[in-house]
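Novice: Quick one: this structure, given as structure tokens, is what I'll be asking you about.
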Amino acid sequence: MPAMSEDTAEINLIVNGEPVTKTVPVRRHLVDFLRLDLELTGSHLACEHGVCGACTVRVDGVAVRGCLMLAVQADGAEVVTIEGLSDSGEVADLQAEFEARNAAQCGYCTPGMVITSAELVAAGGVPDRDAIRDHLSGNLCRCTGYQAIVDAVEETMKKRAGA
Amino acid sequence: MTPPDGNGAGGLVGKGVARPNVKRLIHGRGRYTDDISVPHMLHIAFVRSPYGHARINGIDTSMAAEAPGVVRIVTAAEVAEICEPMVAIAAHRPGHKSAPQHAMAVDHACYQGEPVAAVVAASRAEAEDAADLVIVEYEELPAVMDILEALDPASPPIHPDLGDNRCFEHTTVTGDAPVALSNAAFTVEQDFEFGRHTAVTLEGRAILAHWDTVEERLTVHHSHQSPYQMQDVFSRHLGIPEHRVRVITPDIGGGFGLKINVHGEELAVAAIAKMLGKPVKFTADRLESFAADCQTRDHIATAKMGVDGDGRITSMDFENALSVGAYTAYIRFGLAEGMMAITCAAAPYALTDYHARTRVAYVNKGIVGMFRGVGVPVGCAVTEVLVDQAAAKAEIDPVEFRRKNYHRDEDYPLTSVGGYAAKYMSLHRCLDACVDIMDYDGLRAEQAAQRENNVWRGVGVATFVEAAAFGPVYYGPSGARVSTQDGCTVKLEPSGVVRVMTSVTDQGQGTLTGIAQIVGDQLGIGMDDIDVIAGDSATTPYGGGAWASRGMAMGGEAALQAGKALKGNILDLAASVLQTTADALTLEEGEIRDAATGEARMDLAELAKVGYFRQDTLPGGTQPELMVTRHHVPDTPYYVANGVQGAHVEVDIETGFIKLLGWWVADDCGRVVNPLMVDEQIRGGVIQGIGNTLYEHSQYDETGQLLNATLADYLLPMAGEMPDIKIAHVETPLTNTELGANGIGESGTIGAIAALWCAVNDALRPLGAQVTKQPFTPEHVLEVIAAGK
């Protein structure tokens, strides 16, 4: 049986606002690409199965599971990782609420939580706690028990809505 | 939530100060082991046994060696030549048996997923490709999977040199339980199963090891709770002088006890680094984590409680058995799950007669190691379930029944029937606090009303104890090289800020924040003027790291004493400079002040400048000592924390689904250094306990095949199903230390499991049904309801 070859392809995409051109193994998924090729290690891997959400990144404006998308599928796309989102200041208020409440313990799920929460925060309004919990229920956190994260999202949305 | 109370100087202890080291994690700038890459680094993938039990008759690596990117295939036998096997013997427990465990299985694989060979390649992907090409000739052996079957001396021994599969047995006898039980007005009895599960740290175990061939030094970045323990292990097992081994624990994506164990792969990675003279990295993926991470629980039990005519518990019998998997988890020894269960059982109650036995078996499953709670959840749940049954039979409300049966406040210090030595437990105050915040009477009224509508709600109120900060009395005689002390160094920097180096490590608990608060209060400075360094065996004081909820209880006390000693040195030096005496000065808000008038005489930066750069201005012979180290050794076997949890559930008797309606915790962890961190430890612990009780189960078939090894079929608590948790603090400062802080890390998990058992059984009691198996799957709930009818 021959070993799997490392077939490669060139991809062009925008990552955190910067154009990137790289030749990548075609089997490499998006988060491995971000971590190994671009050294953007804020996106994490915990199941590589699409269940836990630790790998969540933004692709063309939508929060996606970076482990379920191949790097070559991101050719031509605009990708934002936690590093880019954080530096943009778009969710500085949400991140400050996370910090104030200790809504992150080990922090491994947190980049995915922030990106997933950012989507709800951007939608506006003040959803009830059950709706916030539903929105976050594809992101596994093993440390906090979720309540502080729900609090952080709720408080950010209340403040943004002026409520 | 507890709002943050500012970072100003003075009175930091007791405030919900935010963690200075959490911001980087929220901004995606954490640095976990797998994030670290070094030049010429290679990657390892392990070839693992696909069988639960097999003899290894040969390995053919020729095809794999030719695969793209492969640098070397390393077999278990090659590693065994330079790496001593792990043998976890408890010297203080005669009769305990432990088989040598090699870093990888040399000729005999005893659980599915046990590493057999390692492929070293330029990338992890290429290493995995080649691992598939390693041909191992296995001869499958009969697997021993059932606990009771394994305890039968006639079962085929997994480790023939041990003679049978019995690892350990211990009996505790206090009073005369058989007689007391036979004299009881009534007894209650139940069988229990606590299913095997695993830690599921979100970050898999990870290690990057580098052998410097010139200086012959091993440097390891390791996702581990104790860099000191691993320095010791790598040094002894690989024969490297200890001062040439440095273990650094960077950010860690969850520990929960899993990462205090020593796993074979970790030794193998360090050995391979030494063999190759190159940096090698291994990160466990999710499948490997399920199969080869240490697992936990896997108990069965039968317990019986006797009650007299006045509704007082007199006696208990607790027959416990569990499996430790294929080996005893190094460097501890596979005893704690059972011993903790039978020791903590009945601890809150004033019964007099107790008989308990734990028996520990080897089976062909993953190794049972340390995990949050270690056996205590089992002892607490068994006790609390029987207490509820006894209350029901006595027709006394379960809260009132507990009040009646707890130790009285005037009876401390005492030793419980299981052997728990407690200076004090605030049981009555915690019960009152929990009943108050949960509106117990209101829940009972609602429960009764809802039953009219065929809605089956349950209220569980469970008492828990936690033995924290295990000390030398416990581990010393075992012979295990477990450090039961912790240390702290406090250093005044020239600019007047302070660096703190501690031996306790922080996987997100907030321990390092608490350490800074404690030191800040001693020196009269704010959080912004303190930086805490931890997790480096070469530079920080020697200690235990993170285990047994010791961070604040022990590391905090060491920090307090170090801060206090540095303050003394600072005032001595200031007295020299100011030509006065130290007792005429105070240290407040970063200033050295006149004690009588409060007048500022000099600030810390000025003092540090003299101490480090202008000693010429000091009287001859003055030796400024602006760095101080102190250690703390507990004076009792452990510190006992306690509390009460309340759970409110609804059981759908048609589907067997359990819905969580509300959760309450009244906890006493002594002095609360940081209420925000304490609350979040409790909440996170409770949710893990709920997961253990409702969802989590590592299931094996009869041949040793692990049936659920992905996050799609091993269920975990997610945000949608979990309740908000309301917390009350009962604060009884520990009298063993000046700080008075006790442990909090495991309380949430321990109490939640018992509370959920009680709540679900409370819902089912009118149906004549009781759950007996954890996790409470819908199938099990429906089974017991059907049997009850």
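The values are calculated or read from the model by the stated rules, or taken from the named source; none is laboratory data. Just so it is clear, the model here is predicted, and its values are computed rather than measured. Cβ: placed from backbone, ideal geometry, glycine included. Neighbour counts: every protein chain shown. Ligands, DNA and RNA are stripped out before the accessible areas are found, and what is left, the full protein with its side chains, is counted by its heavy atoms. Shrake-Rupley method; radii C 1.70, N 1.55, O 1.52, S 1.80 Å.
Novice: I'd like the Karplus ³J(HN,Hα) series for the stretch B:655-660: coefficients 6.51, -1.76, 1.60, θ = phi - 60°, whole numbers in Hz, and an x wherever there's a Gly or Pro.
Specialist: 10, x, 6, 10, 10, 8
Novice: I've got another one for you. So if a site counts as exposed when it's one of the GluC sites (Glu not before Pro), its DSSP state isn't H, G, I, E or B, and it has at most 15 other Cβ atoms within 10 Å, what's the longest stretch of chain B without one?
Specialist: The reported range is B:217-394.
Novice: Report the dimensions of chain B along its three principal axes from the alpha-carbon atoms, largest first, rounded to Å.
Specialist: Between the extreme Cα coordinates on each principal axis of chain B lie 89, 72, 47 Å.
Novice: A follow-up question, please. Between beta-carbons, use under 12 Å as the cut-off and find the net charge around residue A:23, counting Lys and Arg +1, Asp and Glu -1.
Specialist: Summing Lys and Arg as +1 and Asp and Glu as -1 gives -3.
Novice: Rounded to whole Å and ordered largest first, report the semi-axes of the equivalent ellipsoid of the stretch B:400-467 derived from its Cα gyration tensor (root of 5λ). Walk me through the numbers on the way to the answer.
Specialist: Working: eigenvalues 202, 28, 18 Å².
Calculated on Cα positions only, the semi-axes equal 32, 12, 9 Å.
Novice: A 28 angstrom limit on the alpha carbon distance is what I want to check against. Which of B:274/B:491; B:423/B:491; A:158/B:23 exceed it?
Specialist: Beyond 28 Å between Cα atoms: B:274/B:491; B:423/B:491.
Novice: Let me ask something else. Provide the net charge surrounding residue A:148, with neighbours chosen by a C-beta distance below 13 Å and charges set as Lys +1, Arg +1, Asp -1, Glu -1.
Specialist: -3
Novice: Turning to a different aspect of this structure: In Å², what does the accessible area per residue of the protein assembly as shown work out to with a 1.4 Å probe?
Specialist: In whole numbers, the protein assembly as shown has 34 Å² accessible per residue.
Novice: At q = 0.18 Å⁻¹, what is the log10 ratio I(q)/I(0) for the stretch A:80-163, with the Debye formula run over Cα points and no solvent?
Specialist: Taken in order of the listed q values, log10 I(q)/I(0) reads -0.68.
Novice: Convert each backbone phi in the stretch B:544-555 into a coupling constant with the Karplus relation 6.51 cos²θ - 1.76 cosθ + 1.60 (shift: θ = phi - 60°), then list the ³J(HN,Hα) values in order as whole Hz, x for Gly and Pro.
Specialist: The phi angles translate into x, x, 10, 6, 6, 6, 9, x, 7, 4, 10, x Hz.
Novice: Amide H of residue B:466 versus every other amide H placed in the peptide plane: which residues, excluding those fewer than 5 positions away on the same chain, fall under 5 Å?
Specialist: B:641, B:642
Novice: Which whole-number value in Å³ per residue fits the convex hull of the alpha carbons of the stretch B:578-663?
Specialist: Working: hull volume 23.9 nm³, N = 86.
Dividing the Cα hull volume of the stretch B:578-663 by its residue count gives 278 Å³.
Novice: So, one more: How high is the relative contact order of the stretch B:452-554, in percent, counting Cα pairs under 8 Å that sit 6 or more residues apart?
Specialist: Rounded, it is 32 percent for the stretch B:452-554.
Novice: Same structure again: Using the Cβ atoms and a cut-off under 12 Å, what net charge is assigned to the surroundings of residue B:132, where Lys and Arg are +1 and Asp and Glu are -1?
Specialist: Cβ neighbours under 12 Å give a net charge of -2.
Novice: Right, something else. For the protein assembly as shown, state the semi-axes of the equivalent ellipsoid (square roots of 5 times the eigenvalues of the alpha-carbon gyration tensor), sorted largest first and rounded to whole angstrom.
Specialist: In descending order the semi-axes read 40, 38, 31 Å.
Novice: So what does residue B:211 come to for accessible area, using a 1.4 Å probe and Å² rounded to 10?
Specialist: Here the residue's solvent-accessible area equals roughly 20 Å².
Novice: One-quarter of the Cα convex hull surface for the stretch B:60-149, in nm²? Kindly include the intermediate steps, with their values, before the conclusion.
Specialist: On the way: hull surface 32.3 nm².
Hull-based average projected area comes out at 8.1 nm².
Novice: I need the per residue convex hull volume for the stretch B:354-498, using only the alpha carbons, in cubic angstrom as a whole number.
Specialist: Enclosed volume per residue, from the Cα hull, is 282 Å³.
Novice: While we're looking at this one, here's another question. Could you tell me which residue out of B:100, B:113, B:90 lies farthest along the dipole of the stretch B:79-130 toward its positive end? Charges go on the beta carbon: Lys and Arg +1, Asp and Glu -1, centred on the Cα centre.
Specialist: B:90
Novice: Now a separate question. Which one, B:45, B:136, B:566, projects farthest toward the positive side of the charge dipole computed for the protein assembly as shown from Cβ point charges (K/R +1, D/E -1)?
Specialist: Most positive-ward Cα: B:566.
Novice: If the only charges are +1 at each Lys and Arg Cβ and -1 at each Asp and Glu Cβ, what is the size of the charge dipole of the stretch B:327-470 around the Cα centre, to the nearest 20 debye?
Specialist: Rounded to the nearest 20 debye, it is 720 debye.
Novice: Taking the Cα centre of the protein assembly as shown as origin, sum charge times position over the Cβ atoms of Lys and Arg (+1) and Asp and Glu (-1), and report the length of that vector in debye to the nearest 20. Intermediate results must be reported in sequence, preceding the final value.
Specialist: Working: 73 positive and 125 negative charges, 239 e Å.
Dipole of the protein assembly as shown, to the nearest 20 debye: 1140 debye.
Novice: Please report the buried accessible area for the interface of A with B, total over both chains, probe 1.4 Å, in Å² to the nearest 100.
Specialist: 4500
Novice: Here is a further query. May I ask you to list, by number, the DSSP H helices of chain B whose Cα span along the axis is at least 30 Å and whose average Kyte-Doolittle hydropathy reaches -0.5 or more?
Specialist: Passing helices, by number: B:557-578.
Novice: Percent relative contact order of the stretch B:204-315, based on C-alpha pairs within less than 8 angstrom and at least six residues apart?
Specialist: This gives 31 percent for the stretch B:204-315.
Novice: May I pose another question? What does the charge dipole of the stretch B:301-390 about its Cα centre add up to, to the nearest 20 debye, if the Cβ of each Lys and Arg holds +1 and the Cβ of each Asp and Glu holds -1? If you can, show how the numbers build up before the last one.
Specialist: Working: 7 positive and 8 negative charges, 102 e Å.
It works out to roughly 480 debye.
Novice: What area, in nm² and to one decimal, does the C-alpha convex hull of the stretch A:1-118 cast on average over all directions?
Specialist: On the way: hull surface 31.2 nm².
Mean projected area of the Cα convex hull: 7.8 nm².
Novice: Something else: Where does each of B:470, B:256 land when they are ordered by accessible area, with a 1.4 Å probe and the largest first?
Specialist: Numbers: B:470 15, B:256 35 Å².
Largest accessible area first, the residues go B:256, B:470.
Novice: Another question about this same structure. So which trypsin sites (Lys or Arg not before Pro) in the stretch B:9-65 end up in coil per DSSP with only 16 or fewer other C-beta atoms within 10 Å?
Specialist: B:31
Novice: Right, something else. Along the charge dipole of the stretch B:385-482, which of B:447, B:459, B:412 sits closest to the positive end, that is, farthest toward it, with unit charges on the beta carbon of Lys, Arg, Asp and Glu (+1, +1, -1, -1)?
Specialist: B:412
Novice: Using only alpha carbon pairs under 8 Å that are at least six residues apart, calculate the relative contact order of chain A and give it in whole percent.
Specialist: Relative contact order of chain A: 22 percent.
Novice: Can you list the lysines whose alpha carbon sits under 24 Å from that of residue B:789, skipping same-chain ones fewer than 8 residues off?
Specialist: Counting by Cα, and skipping residues close in sequence, residue B:789 has these lysines nearby: B:304, B:393, B:659, B:773.
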